[in-house]
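Below is one structure, written out as structure tokens, with a few remarks after it.
Derivation of every value follows stated rules applied to the coordinates shown; laboratory data play no part. Since this is a predicted model, take the numbers as computed values, not measurements. Cβ sites come from the backbone with ideal geometry, for glycine too, and all protein chains shown count toward neighbours.
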Amino acid sequence: MARPSNFPPPFSARDYVTEPTDPADERIEVGVLVVGAGPAGLACAIRLGQLLEEHPEIAERLGEVPVAVLEKGKQPGSHLLSGAVVDPRALRRLFGERLRMEDLPSFGPVPGESVYVLTRRAALPIPPPPPMRNHGNWIFSLSQLGRFLAERAEEAGAMILPETAAQKLLVSHGRVMGVRTGDKGRSREGGELGNFEAGSDLVAKVTVLAEGTQGHLTGVALDRFGLRGVEPQVWELAVKEVWRVAKPLDRVIHTMGWPLRTGKRYREFGGSFIYPMGEDMVTIGLVVGLDYRDASLSVHDLLQELKTHPKIRKILAGGERVEWGAKTIPSGGFHSLPRELHAPGLLLCGDGVGMVNVPRLKGVHYAIESGRLAAEAAFRALQRGETPASSLSSYDDAVRDSFIWSDLYEVRNMRQVFGRGFFVGGTLAGAMTMSKGRVELGKMRAEPDADQPLLVTDRAATYPKPDGKLTFDKLSSVFASGNKTRDDQPNHIRIERRVPREVAQLWEHMCPAQVYEIGREDEDGTVLVELAPSNCVQCGAITAKGGRLTPPEGGSGPEYSAT
Ligand SMILES: Cc1cc2nc3c(=O)[nH]c(=O)nc-3n(C[C@H](O)[C@H](O)[C@H](O)COP(=O)(O)OP(=O)(O)OC[C@H]3O[C@@H](n4cnc5c(N)ncnc54)[C@H](O)[C@@H]3O)c2cc1C
Ligand code: SF4
């Protein structure tokens, strides 16, 4: 049986590590460089601003730009997609007396909740299991929260550079010096177009990688500094839609079961979320573990199928889809965290290193807390005038003492147990939850998603036909993501182009944005995979399943505004 990992992509982390190449007087120097304007990176920039305001002499020492934040999306928020029911602990700590939860752009506290086990026609309500209880949490659009946090970061003195992808890690004498940004204005073949702009070296005293899921330079740094965790990282793929609806939804809903299959051989783990966004909007999403085996599984099409369930159709009746998006979620948990969260001159935060509580489907508060702690560690090192090469380990200590560590420890095997099938996994997960993580299941092995042997079923034959009202095809979904990527730019997806048919089928069905198409078959039975990279919404699934996503030209990809 074919496994995607037997066909590795033409990609080497070494190609993305370089000494600074611009002449010294042409490099852009900043104090602290943050890569990624998500909740982790923006919390880091905000906390640094607060500390520098209290200590203007340090700000002075950091030069003209004490804090800079790079963001590859068109603007902060353009690439942010989440549920997002947020545990407010970290936001409260970040803002303290400065802002109340009511001052943030939210849809208010969770009004109530229901959990259902679905079959094709029925919905069986069950009492919400402890991880799915959301009393006291607040509902947001992460894209909107990101824009708000970016404004606060700018007010606090940070320079935000949107449409700028960090492409390479600058390392000199074993110390991270900053990043090199990607070129703009190259043709499909790599030549320089009329509007060509070369990337630049941005050098900093401390670099904070807050790139989120499948972070490109985070992966490069983990390899370069030998930081990968004991267990490999694994991911889930989430596809979600935002709907304007006729009737307000009065609670958050989670579902399990249909349209996923419970048989162990399929390894289908996941569920859906349906959250109200004020009086007239609802978000609905489906999350599926990427260790699934059926090459004909498409999370995009399963979400379309889910919407045809009588219970869900009723919620959306008379409404219209206003936005669509997709993103992966790191789900290996505690044992997949890197061995260390720092290297000389470098700090690693948020989803990039897998700080997600999978049974609770929550990572925003860990991202914010880790960004805040990274800011404090960077500031301490700068304040003492220490060389950041050796003094950033206090960040690891702070994370280990925080709720990030204790929460993730409590649910440490939660994702792995579902590799044993839905029912055995559910029982073990229940035992861990009831004992608050005290039941010792030992360290359970996580297999890389791309190592799963593939099988092919006729699952795709039952996906609903798109009607353009309730159910949609992938290309109209890409349109609803706001993606306007220039289609003559260089290909940013690295895959082995000639593979067995099952592997090509896997990629074709998996990609929610219709990037892969099966082309010519050769005499040896392998097929050529054709690519339409400009459709890509940078969800990251291909990196989990045998290829490698690299950042395209800055400003490309989706332009989310309500996800
Ligand atoms: C569908 C879905 C539902 C979820 N639901 C919830 C929920 O209800 N509650 C919850 O708490 N969590 C939820 N999560 C998880 C949560 O969204 C993440 O844990 C959180 O967003 C992580 O924040 P981050 O800052 O680490 O990364 P991100 O939010 O991914 O932000 C990273 C930013 O960095 C930018 N970036 C990345 N690489 C580069 C680069 N090389 N150069 C420049 N910019 C770069 C990206 O464009 C992005 O803007 C959900 C996730 C998904 C996908
Ligand atoms: S090409 Fe890969 S990263 Fe891009 S949308 Fe498709 S699966 Fe996601």
Principal axes of segment 480-526: Cα extent on each, largest first, Å: 39, 21, 15
Amide H contacts of Glu323 (H built 1.01 Å from N, under 5 Å, at least 5 apart or other chain): Val242
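Rounded, prolate or oblate: which one fits segment 1-120, using the alpha carbon gyration tensor with axes a ≥ b ≥ c (rounded when a/c is under 1.5, else prolate when a/b beats b/c, else oblate)?
Details: a/c = 3.27, a/b = 1.11, b/c = 2.95.
The shape class here is oblate.
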Extension gain, Glu151 back to Glu189 (0.36 nm per residue minus Cα-Cα distance, nm): 9.9 nm
28 Å Cα-Cα reach of Lys484 towards lysines, excluding residues that sit fewer than 8 places from it in its own chain: Lys72, Lys74, Lys168, Lys184, Lys240, Lys307, Lys327, Lys465, Lys469, Lys474, Lys545
Inter-label distance for Lys264 and Met159, nm, one decimal - labels placed 7 Å from Cα along Cα-to-Cβ: 5.8 nm
Protection-proxy order for peptides 351-357, 205-211, 177-183, each taking the mean of Cβ atoms within 10 Å per residue, highest first: 205-211, 351-357, 177-183
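Given that compact globular proteins tend to follow 2.2 N^0.38 Å, what is the ratio of the alpha-carbon Rg of the chain to that value? Don't jump to the answer; show the numbers that get you there.
Numbers: Rg = 22.5 Å, N = 563, 2.2 N^0.38 = 24.4 Å.
The chain yields a ratio of 0.92.
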Whole-number percent relative contact order across the chain, with pairs defined as alpha carbons under 8 Å at least 6 apart: 22 percent
Equivalent ellipsoid, segment 477-563 (semi-axes from 5 times Cα gyration tensor eigenvalues, Å): 25, 12, 11
Bridge type composition, the chain - antiparallel percent by DSSP, nearest 5: 70 percent
Sites matching GluC sites (Glu not before Pro) across segment 500-544 that sit in DSSP coil, with at most 12 neighbouring C-beta atoms within 10 Å: Glu523
Kyte-Doolittle mean at least -1.0, axial Cα span of 27 Å or more - DSSP H helices of the chain: 364-383
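Below 15 angstrom from the Cβ of Ser391, what's the summed charge of the other residues (Lys, Arg +1; Asp, Glu -1)? Don't skip to the answer; put the middle values down first.
Numbers: positive: Arg175, Lys205, Arg380, Arg384; negative: Glu340, Glu376, Glu386, Asp396, Asp397.
Result for the neighbourhood of Ser391: -1.
Stretched out fully, how many nm does the piece from Glu386 to Leu124 gain, at 0.36 nm a residue minus the Cα gap? Mind showing how you got there, number by number?
Numbers: separation 262, 0.36 × 262 = 94.32 nm, distance 5.92 nm.
Here the segment from Glu386 to Leu124 would lengthen by 88.4 nm.
So for each of 338-350, 156-168, 247-259, 121-133 I average, over its residues, the number of other beta carbons within 10 Å; can you give me the resulting order with the highest mean first? Could the numbers behind the result be given before it?
Values: 338-350: 25.2, 156-168: 21.3, 247-259: 18.8, 121-133: 13.8.
Averaged packing, sorted descending, gives the order 338-350, 156-168, 247-259, 121-133.
First check a/c for segment 24-77, with a ≥ b ≥ c the square roots of the eigenvalues of its C-alpha gyration tensor; if it is under 1.5, answer rounded, and if not, answer prolate when a/b is larger than b/c or oblate otherwise.
Details: a/c = 3.22, a/b = 1.20, b/c = 2.69.
It comes out oblate by the Cα gyration axes.
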For segment 478-520 versus segment 161-239, the gap between their alpha-carbon centres in whole angstrom: 21 Å
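Once you have the Cα-Cα distance between Glu320 and Arg92, take 0.36 nm times their residue separation minus that, and quote the gain in nm to one decimal.
Details: separation 228, 0.36 × 228 = 82.08 nm, distance 3.46 nm.
Additional length available on full extension: 78.6 nm.
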Rounded FRET efficiency, nearest 0.05, which uses the C-beta distance separating Ser476 from Asp250 and R0 of 22 Å: 0.15
Net charge of neighbours whose Cβ lies under 14 Å from the Cβ of Pro344, counting Lys and Arg as +1 and Asp and Glu as -1: 0
FRET efficiency, Arg133 to Glu102 (Cβ-Cβ, R0 30 Å, nearest 0.05): 0.85
